[in-house]
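Structure, as structure tokens:
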Amino acid sequence: MAETEASLLRQFPLLLPQNQAKTVYEGFISAQGRDFHLKILLPKDLQLRNARLLCSWQLKAILNGYHHVVQQRMQHSPDLMSFLVELKMVLEVALKNKKELLVYVDTCFSTIKLKAEDASGREHLITVKLKAKYPAESPDCIVDFPVSFSVSWTPQSSLISIHSQFLAALESLKAFWDVMDEIDEKTWVLEPEKPTRSATARRIALGNNASINIEVDPRHPTMLPECCFLGADHVVKPLGIRLSRNIHLWDPENSLLQNLKDVLEIDFPARAILEKSDFSMDCGICYAYQLDGAIPDQVCDNSQCGQPFHQICLYEWLRGLLTSRQSFNVIFGECPYCSKPLTLKMSGRKA
């Protein structure tokens with residue numbers, strides 16, 4: 001008990017017991033360099049859930065909108081010390097909060113979600129998981145970022161310091177998200193269907209059953225990304241040649257999408273204006289677009305056919321033909337549609 005009282009005095013030196021039974025505490029709680037008067041009336045059994053909290057009008061005004069959180073903590077905090085630490089965190093958030101920064105608090109006050117907008121108006125969330133020894137121990141921070149995010153933390157740090165570091169990280173990634181948003185808005189992205197903010201890859205439709213998969217460097221988003229063309233050889237080989245021939249035209253001052261248009265000498269078809277018949281991606285065997293999360297990525301090289309297939313569907317089809325032959329992980333057979341020779345190289349499967 002004495003240890004708890006000493007800890008309480010160290011953390012809140014301006015809040016002192018007013019009687020011997022220690023049922024009345026009065027003084028000040030400090031946050032963001034300011035002191036706020038409050039009084040806590042505990043029942044004889046010292047149970048916090050039956051306590052009364054009396055605040056100065058300044059403190060009441062600042063905590064306006066957070067009454068439910070404060071009441072919740074009085075019901076669930078195990079002791080006065082824990083409650084005061086949590087109250088200080090809420091107060092720090094409220095002082096900083098101009099746009100409802102705090103969006104979620106769990107009943108144990110161990111998981112907190114804060115939000116922020118980047119310079120382009122995109123909303124982002126950070127989930128802060130407090131540990132048992134908070135604030136001596138750094139909390140875990142979970143974000144939807146394409147790069148790792150770690151916070152600089154000391155026992156004197158607060159939720160606001162985490163939020164400030166979160167804002168700085170958002171600013172550093174603004175250019176990356178601008179690039180990805182332009183791609184998502186102005187092209188037909190085949191994969192992923194619902195990209196997260198951490199996703200660095202996009203598979204973009206080119207038309208004629210061809211697509212390009214790009215992997216963007218979040219630290220250098222306007223530089224040439226890793227590119228992989230998918231589709232029939234007669235369609236994608238010319239694109240690869242143009243990329244090699246025009247690589248000198250890449251200008252980091254331009255957007256990544258504009259650079260891709262320039263070096264590939266194409267306009268990307270937008271999903272809004274592209275008819276499904278212009279770019280049929282349904283598998284020619286199972287007649288589905290997605291199969292266990294995969295989309296058709298095998299295409300017949302016959303320029304008069306160009307039918308796409310899921311790799312696993314084509315594998316099962318070719319394996320059932322008496323005329324097919326296999327060498328290691330490569331299967332040689334015929335297209336189910338045009339009967340022209342077709343080669344399938346399996347990846348991630350032991351044939």
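The values are calculated or read from the model by the stated rules, or taken from the named source; none is laboratory data. Keep in mind that what you see is a predicted model, and the values were worked out from it rather than measured. A quick note on method: Cβ atoms are made from the backbone with ideal geometry, for glycine too, and the neighbour counts reach across all protein chains shown. What goes into the accessible areas is simple: the full protein's heavy atoms, side chains included, and nothing from ligands, DNA or RNA. Shrake-Rupley method; radii C 1.70, N 1.55, O 1.52, S 1.80 Å.
Distance check, please: which entries in Lys60/Lys129; Lys22/Lys115; Lys115/Lys186; Lys129/Lys174; Lys60/Lys115; Lys174/Lys194 exceed 29 angstrom between their Cα atoms? Long pairs (Cα-Cα over 29 Å): Lys22/Lys115. Computed over the chain, the per-residue total of -39500 (n - 2.57) for DSSP H runs of n ≥ 4 gives a 222 nm mean residue ellipticity of -9000 deg cm²/dmol, rounded to 500. Take the chain with all the other protein chains still there, run a 1.4 Å probe, and you get 55 Å² of accessible area per residue. Between Pro146, Ser157, Cys108, the Cα set farthest toward the positive side of the dipole of the stretch 102-174 (charges on each charged residue's Cβ, about the Cα centre) is that of Cys108. Determine the distance separating the Cα centre of the stretch 1-41 from the Cα centre of the stretch 293-351; give it in Å without decimals. When both Cα centres are located, 74 Å separates them.
Checking the Cα-Cα distances for Lys237/Lys345; Lys44/Lys131; Lys88/Lys131 against a 21 Å cut-off, the pairs over it are Lys44/Lys131. How much of the accessible area of the stretch 1-97, in percent, comes from carbon and sulfur atoms when a 1.4 Å probe is used? Here it works out to 51 percent.
Which residues make up the longest stretch of the chain clear of GluC sites (Glu not before Pro) that lie in a DSSP loop with no more than 12 other Cβ atoms within 10 Å, not counting the sites?
Within the chain, the longest run free of exposed GluC sites (Glu not before Pro) spans 1-99.
The stretch between Lys115 and Asn246, if pulled fully straight at 0.36 nm per residue, gains 42.9 nm over its current Cα-Cα span.
Dividing the convex hull volume of the alpha carbon atoms of the chain by its residue count gives 196 Å³ per residue. Derived scalar couplings between HN and Hα for the stretch 317-322 equal 5, 5, 5, x, 8, 5 Hz in order, rounded to whole Hz, by the Karplus curve 6.51 cos²θ - 1.76 cosθ + 1.60 (θ = phi - 60°), x for Gly and Pro. The fraction of accessible area contributed by carbon and sulfur in the stretch 102-174 is 50 percent, rounded to a whole number (1.4 Å probe; ligands and nucleic acids excluded). At full extension, Phe149 and Leu41 could sit 34.7 nm farther apart than now, given 0.36 nm per residue minus the alpha carbon distance.
Roughly speaking, to the nearest percent, how much of the stretch 187-279's 1.4 Å accessible area is carbon and sulfur? Show your work: numbers first, answer last.
Numbers: 2430 of 4940 Å².
Roughly 49 percent, rounded to a whole number.
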